[in-house]
1. Tell me yes or no: at least one residue of region 161-176 is among the polar types (S, T, N, Q) and surrounded by 12 or more Cβ atoms within 10 Å (Cβ to Cβ).
2. List pairs: first residue in region 76-103 and more than 18 Å from N7 (Cα to Cα), second residue part of a loop (DSSP other than H, G, I, E, B) anywhere in the structure, Cβ distance under 7 angstrom, at least six positions apart or on different chains.
3. Write out, first by first residue and then by second, each pair whose Cβ atoms fall under 9 Å of each other, whose residues are 6+ apart or on separate chains, and whose first residue, in region 1-27, is on the phi < 0 side of the Ramachandran plot and in the same structural domain as I63 (by TED's automatic domain parsing) while the second is at pLDDT below 95 and within 15 Å of ligand 2 (Cβ to nearest atom).
4. Considering only residues of region 161-194 that are within 17 Å of H224 (Cα to Cα) and among the hydrophobic types (A, V, I, L, M, F, W, C), which is farthest from the chain's Cα centre (by Cα)?
5. If a residue counts only when it is over 23 Å from F247 (Cβ atoms), within 16 Å of ligand 1 (Cβ to nearest atom) and basic (K, R), which strands (runs of 3 or more DSSP E) contained entirely in region 29-136 have at least 3 such residues?
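The values are calculated or read from the model by the stated rules, or taken from the named source; none is laboratory data. Treat the numbers as computed from the prediction; the structure is a model and nothing was measured. In this analysis, Cβ positions are derived from the backbone assuming ideal geometry, glycine residues included, and neighbour counts consider all displayed protein chains.
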Amino acid sequence: MNSIVINIGNTNIRFGLFDDDNCDISWVINTKPYKTTDELFVQILMLYQTYKIEVDKIDKVIIGSVVPQLTKVVASAIKKIHNKIPVIVDRNTPSGVIPKSKQMGTDIYANLVAAHNLYPSQKKIILDFGTALTASCLDENGETLGVIIAPGIVTSLNSLIQGTAQLPEIELVKPKSVLGLDTISCMQSGMVYGFLGMVEGFIDRINDEVKDNCFVIATGGVSHVYKPLTDKINIGDRLHTLKGLYFLGKDL
Ligand SMILES: Nc1ncnc2c1ncn2[C@@H]1O[C@H](COP(=O)(O)OP(=O)(O)O)[C@@H](O)[C@H]1O
Ligand SMILES: CC(C)(COP(=O)(O)O)[C@@H](O)C(=O)NCCC(=O)O
Ligand SMILES: [K+]
(Lines give C-alpha, C1' and ligand atoms only; values in the text may rest on other atoms or scores of the structure.)
(Ligands and ions follow the chains in the order given, each with its own letter.)
Protein backbone atom coordinates (compact mmCIF):
# COMPACT_ATOMS: atom_id res chain seq x y z
CA MET A 1 0.00 0.00 0.00
CA ASN A 2 1.28 3.50 -0.86
CA SER A 3 0.43 6.39 1.42
CA ILE A 4 1.30 10.06 1.52
CA VAL A 5 1.68 11.32 5.10
CA ILE A 6 1.58 15.07 5.85
CA ASN A 7 2.67 16.76 9.09
CA ILE A 8 1.54 20.41 9.30
CA GLY A 9 3.87 22.15 11.78
CA ASN A 10 4.14 25.81 12.73
CA THR A 11 7.25 26.32 10.57
CA ASN A 12 7.22 23.49 8.04
CA ILE A 13 4.81 21.13 6.35
CA ARG A 14 6.61 17.79 5.88
CA PHE A 15 5.41 15.21 3.35
CA GLY A 16 6.45 11.55 3.23
CA LEU A 17 5.77 8.77 0.73
CA PHE A 18 5.24 5.47 2.57
CA ASP A 19 5.46 2.11 0.84
CA ASP A 20 3.75 0.04 3.53
CA ASP A 21 5.68 0.88 6.74
CA ASN A 22 8.74 2.40 5.01
CA CYS A 23 9.13 6.07 4.24
CA ASP A 24 11.17 6.23 1.03
CA ILE A 25 10.96 9.90 0.09
CA SER A 26 10.27 13.00 2.14
CA TRP A 27 10.11 16.73 1.37
CA VAL A 28 9.24 19.96 3.11
CA ILE A 29 7.47 23.22 2.28
CA ASN A 30 7.19 26.37 4.41
CA THR A 31 4.08 26.76 6.54
CA LYS A 32 4.14 30.57 6.24
CA PRO A 33 2.81 32.60 4.63
CA TYR A 34 -0.42 30.56 4.90
CA LYS A 35 -1.57 29.57 1.42
CA THR A 36 -4.90 29.03 -0.26
CA THR A 37 -6.18 25.66 -1.46
CA ASP A 38 -5.36 26.68 -5.05
CA GLU A 39 -1.80 27.69 -4.17
CA LEU A 40 -1.24 24.43 -2.30
CA PHE A 41 -2.81 22.46 -5.15
CA VAL A 42 -0.16 23.81 -7.57
CA GLN A 43 2.73 23.51 -5.10
CA ILE A 44 1.92 19.93 -4.09
CA LEU A 45 1.47 18.83 -7.72
CA MET A 46 4.83 20.35 -8.69
CA LEU A 47 6.57 18.48 -5.89
CA TYR A 48 4.84 15.24 -6.90
CA GLN A 49 6.38 15.76 -10.35
CA THR A 50 9.81 16.39 -8.84
CA TYR A 51 9.66 13.22 -6.75
CA LYS A 52 7.91 11.18 -9.46
CA ILE A 53 4.83 10.48 -7.35
CA GLU A 54 2.03 9.00 -9.44
CA VAL A 55 -1.29 10.17 -8.05
CA ASP A 56 -3.24 7.08 -9.11
CA LYS A 57 -0.77 4.82 -7.26
CA ILE A 58 -1.48 6.48 -3.90
CA ASP A 59 -4.01 4.52 -1.86
CA LYS A 60 -4.31 6.83 1.12
CA VAL A 61 -3.36 10.30 2.37
CA ILE A 62 -2.94 10.87 6.12
CA ILE A 63 -2.79 14.40 7.61
CA GLY A 64 -1.77 15.50 11.11
CA SER A 65 -1.72 19.19 12.05
CA VAL A 66 -0.92 21.58 14.87
CA VAL A 67 -2.10 24.55 12.77
CA PRO A 68 -5.93 24.38 12.74
CA GLN A 69 -6.19 27.25 10.21
CA LEU A 70 -4.40 25.08 7.62
CA THR A 71 -5.85 21.63 8.22
CA LYS A 72 -8.93 22.14 6.02
CA VAL A 73 -7.02 24.04 3.32
CA VAL A 74 -4.46 21.24 2.94
CA ALA A 75 -7.22 18.61 3.06
CA SER A 76 -9.12 20.41 0.26
CA ALA A 77 -6.00 20.61 -1.92
CA ILE A 78 -5.44 16.88 -1.38
CA LYS A 79 -9.07 16.14 -2.24
CA LYS A 80 -8.69 18.10 -5.49
CA ILE A 81 -5.50 16.25 -6.43
CA HIS A 82 -6.36 12.69 -5.36
CA ASN A 83 -10.12 12.71 -5.67
CA LYS A 84 -10.10 11.08 -2.21
CA ILE A 85 -10.90 12.36 1.24
CA PRO A 86 -7.72 12.32 3.36
CA VAL A 87 -7.65 10.73 6.81
CA ILE A 88 -7.09 13.42 9.45
CA VAL A 89 -5.58 12.08 12.67
CA ASP A 90 -5.27 13.80 16.04
CA ARG A 91 -5.06 13.06 19.77
CA ASN A 92 -8.52 11.45 19.66
CA THR A 93 -7.43 8.82 17.10
CA PRO A 94 -7.22 5.46 18.92
CA SER A 95 -3.81 3.78 19.25
CA GLY A 96 -1.77 1.73 21.71
CA VAL A 97 -0.86 5.01 23.44
CA ILE A 98 -3.16 6.56 26.00
CA PRO A 99 -2.83 10.36 25.49
CA LYS A 100 -3.94 10.92 29.11
CA SER A 101 -3.33 14.69 29.14
CA LYS A 102 -6.42 16.73 28.20
CA GLN A 103 -4.59 18.80 25.60
CA MET A 104 -1.94 17.40 23.32
CA GLY A 105 -0.69 18.61 19.95
CA THR A 106 -1.04 16.03 17.18
CA ASP A 107 2.73 16.01 16.60
CA ILE A 108 3.44 15.20 20.26
CA TYR A 109 0.87 12.39 20.20
CA ALA A 110 2.36 11.08 16.92
CA ASN A 111 5.84 11.16 18.49
CA LEU A 112 4.57 8.99 21.36
CA VAL A 113 2.80 6.59 18.98
CA ALA A 114 5.89 6.13 16.77
CA ALA A 115 8.10 5.50 19.82
CA HIS A 116 5.61 2.98 21.24
CA ASN A 117 5.54 1.05 17.96
CA LEU A 118 9.23 1.24 17.04
CA TYR A 119 10.96 0.85 20.43
CA PRO A 120 8.74 -1.40 22.57
CA SER A 121 9.45 -2.80 26.05
CA GLN A 122 11.22 0.21 27.60
CA LYS A 123 10.43 3.73 28.75
CA LYS A 124 11.10 6.39 26.13
CA ILE A 125 11.67 10.15 25.78
CA ILE A 126 11.07 11.89 22.46
CA LEU A 127 12.69 15.29 21.91
CA ASP A 128 11.21 17.39 19.08
CA PHE A 129 13.43 20.30 18.02
CA GLY A 130 10.78 22.28 16.05
CA THR A 131 9.19 25.71 16.42
CA ALA A 132 8.73 24.60 20.00
CA LEU A 133 11.22 22.31 21.75
CA THR A 134 9.19 19.49 23.26
CA ALA A 135 10.05 16.45 25.32
CA SER A 136 7.50 13.72 25.89
CA CYS A 137 7.75 10.52 27.85
CA LEU A 138 5.86 7.24 27.85
CA ASP A 139 6.23 3.90 29.55
CA GLU A 140 6.52 0.36 28.20
CA ASN A 141 2.70 -0.07 28.26
CA GLY A 142 1.98 3.01 26.16
CA GLU A 143 0.96 5.16 29.09
CA THR A 144 1.85 8.84 28.68
CA LEU A 145 3.99 9.95 31.60
CA GLY A 146 4.09 13.62 30.61
CA VAL A 147 5.27 16.37 28.29
CA ILE A 148 7.54 19.45 28.43
CA ILE A 149 7.02 22.43 26.06
CA ALA A 150 9.84 25.02 25.77
CA PRO A 151 10.66 27.69 23.16
CA GLY A 152 12.21 26.22 20.02
CA ILE A 153 15.87 26.92 19.36
CA VAL A 154 15.52 28.92 16.13
CA THR A 155 12.42 30.60 17.61
CA SER A 156 14.54 31.79 20.56
CA LEU A 157 17.43 32.82 18.34
CA ASN A 158 15.13 34.91 16.12
CA SER A 159 13.65 36.57 19.15
CA LEU A 160 17.14 37.43 20.46
CA ILE A 161 18.16 38.90 17.08
CA GLN A 162 14.95 40.91 16.73
CA GLY A 163 15.23 42.27 20.25
CA THR A 164 18.79 43.57 19.95
CA ALA A 165 20.45 46.28 17.87
CA GLN A 166 23.83 44.61 17.40
CA LEU A 167 23.29 40.85 17.27
CA PRO A 168 23.45 39.36 13.77
CA GLU A 169 21.97 36.22 12.26
CA ILE A 170 24.25 33.25 12.86
CA GLU A 171 24.62 29.74 11.59
CA LEU A 172 23.62 27.23 14.26
CA VAL A 173 26.91 25.30 14.55
CA LYS A 174 29.19 24.34 17.42
CA PRO A 175 31.81 27.07 18.04
CA LYS A 176 35.52 26.24 18.52
CA SER A 177 35.34 26.83 22.26
CA VAL A 178 32.72 27.42 24.93
CA LEU A 179 34.09 30.92 25.61
CA GLY A 180 33.96 33.14 22.53
CA LEU A 181 35.85 36.34 21.68
CA ASP A 182 33.70 37.58 18.79
CA THR A 183 29.94 38.16 18.68
CA ILE A 184 29.17 35.24 16.37
CA SER A 185 31.12 32.66 18.41
CA CYS A 186 29.62 33.99 21.64
CA MET A 187 26.10 33.59 20.25
CA GLN A 188 26.84 30.15 18.81
CA SER A 189 28.03 29.06 22.24
CA GLY A 190 24.88 30.39 23.87
CA MET A 191 22.60 28.69 21.38
CA VAL A 192 24.43 25.38 21.08
CA TYR A 193 25.66 24.81 24.67
CA GLY A 194 22.73 26.61 26.26
CA PHE A 195 20.12 24.40 24.63
CA LEU A 196 22.33 21.31 24.90
CA GLY A 197 22.34 21.92 28.65
CA MET A 198 18.57 22.34 28.62
CA VAL A 199 18.04 19.12 26.71
CA GLU A 200 20.47 17.11 28.87
CA GLY A 201 18.84 18.58 31.96
CA PHE A 202 15.38 17.51 30.74
CA ILE A 203 16.61 13.95 30.16
CA ASP A 204 18.27 13.71 33.60
CA ARG A 205 15.29 15.18 35.43
CA ILE A 206 12.78 12.98 33.60
CA ASN A 207 14.90 9.89 34.33
CA ASP A 208 14.97 10.88 38.01
CA GLU A 209 11.20 11.46 38.06
CA VAL A 210 10.28 8.18 36.34
CA LYS A 211 13.06 6.28 38.18
CA ASP A 212 14.39 4.66 35.00
CA ASN A 213 16.88 5.17 32.20
CA CYS A 214 14.71 6.07 29.20
CA PHE A 215 15.60 5.39 25.57
CA VAL A 216 15.91 8.84 23.91
CA ILE A 217 14.83 9.70 20.37
CA ALA A 218 15.45 13.11 18.75
CA THR A 219 13.50 14.51 15.80
CA GLY A 220 12.46 17.83 14.24
CA GLY A 221 14.20 20.80 12.59
CA VAL A 222 17.56 21.21 14.31
CA SER A 223 17.87 17.83 16.05
CA HIS A 224 20.83 17.01 13.78
CA VAL A 225 22.84 19.82 15.42
CA TYR A 226 22.38 18.48 18.98
CA LYS A 227 22.37 14.70 18.45
CA PRO A 228 26.16 14.45 17.80
CA LEU A 229 26.98 16.56 20.88
CA THR A 230 25.63 14.24 23.56
CA ASP A 231 25.52 10.55 24.31
CA LYS A 232 22.25 11.05 26.19
CA ILE A 233 20.33 10.92 22.86
CA ASN A 234 20.21 7.33 21.56
CA ILE A 235 18.79 7.90 18.10
CA GLY A 236 18.09 10.75 15.64
CA ASP A 237 15.25 10.30 13.17
CA ARG A 238 13.89 13.24 11.18
CA LEU A 239 10.97 11.07 10.01
CA HIS A 240 9.88 10.05 13.53
CA THR A 241 6.72 12.24 13.67
CA LEU A 242 5.63 11.22 10.15
CA LYS A 243 5.98 7.56 11.17
CA GLY A 244 3.67 8.18 14.12
CA LEU A 245 1.06 9.83 11.89
CA TYR A 246 1.34 6.85 9.54
CA PHE A 247 0.73 4.36 12.39
CA LEU A 248 -2.30 6.43 13.49
CA GLY A 249 -3.89 6.56 10.04
CA LYS A 250 -2.86 3.39 8.24
CA ASP A 251 -5.84 1.26 9.32
CA LEU A 252 -8.51 3.99 9.12
N1 LIG B 1 17.54 21.07 7.51
C2 LIG B 1 17.52 22.06 8.41
N3 LIG B 1 18.65 22.67 8.77
C4 LIG B 1 18.63 23.66 9.67
N5 LIG B 1 17.53 24.08 10.28
C6 LIG B 1 16.40 23.53 9.97
C7 LIG B 1 16.32 22.48 9.03
N8 LIG B 1 15.04 22.10 8.93
C9 LIG B 1 14.37 22.89 9.79
N10 LIG B 1 15.18 23.74 10.40
C11 LIG B 1 14.78 24.71 11.42
O12 LIG B 1 14.04 23.97 12.38
C13 LIG B 1 12.85 24.64 12.74
C14 LIG B 1 11.62 23.93 12.28
O15 LIG B 1 11.66 22.58 12.58
P16 LIG B 1 10.43 21.64 12.25
O17 LIG B 1 10.61 20.40 13.03
O18 LIG B 1 10.24 21.52 10.79
O19 LIG B 1 9.28 22.55 12.88
P20 LIG B 1 7.72 22.49 12.97
O21 LIG B 1 7.33 21.03 13.10
O22 LIG B 1 7.44 23.28 14.18
O23 LIG B 1 7.17 23.12 11.72
C24 LIG B 1 12.91 25.98 12.03
O25 LIG B 1 13.35 26.90 12.96
C26 LIG B 1 13.90 25.79 10.89
O27 LIG B 1 14.60 26.97 10.63
C1 LIG C 1 3.72 22.36 21.25
C2 LIG C 1 3.44 22.65 19.79
C3 LIG C 1 3.32 24.15 19.56
C4 LIG C 1 4.63 22.13 18.96
O5 LIG C 1 4.43 22.48 17.59
P6 LIG C 1 5.64 22.49 16.51
O7 LIG C 1 6.85 23.04 17.18
O8 LIG C 1 5.89 21.05 16.11
O9 LIG C 1 5.15 23.30 15.37
C10 LIG C 1 2.16 21.89 19.29
O11 LIG C 1 2.27 20.53 19.58
C12 LIG C 1 0.89 22.44 19.91
O13 LIG C 1 0.38 23.45 19.48
N14 LIG C 1 0.37 21.76 20.94
C15 LIG C 1 -0.87 22.10 21.61
C16 LIG C 1 -0.71 22.16 23.10
C17 LIG C 1 -0.19 20.90 23.74
O18 LIG C 1 0.43 20.06 23.07
O19 LIG C 1 -0.37 20.71 24.96
K1 LIG D 1 7.90 19.11 14.79
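1. No, region 161-176 has no match at all.
2. G96/G142; V97/G142; I98/G142; P99/R91
3. As it stands, the answer is G9/G221; T11/G221; N12/G221, since those pairs meet every condition given.
4. Among residues in region 161-194 that are within 17 Å of H224 (Cα to Cα) and among the hydrophobic types (A, V, I, L, M, F, W, C), the one farthest from the chain's Cα centre (by Cα) is I170.
5. Values: elements: 60-65, 87-89, 124-129.
Per the criteria, no element qualifies.
Rundown of residues vs (1) within 16 Å of ligand 3 (Cβ to nearest atom); (2) touching a residue at least 24 places away in the same chain (Cβ under 8 Å); (3) within 17 Å of the chain's Cα centre (by Cα), yes/no style:
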residue	(1), (2), (3)
S121	no, no, no
K124	no, yes, yes
S136	yes, yes, yes
V147	yes, yes, yes
A150	yes, yes, yes
T155	yes, yes, yes
S159	no, no, no
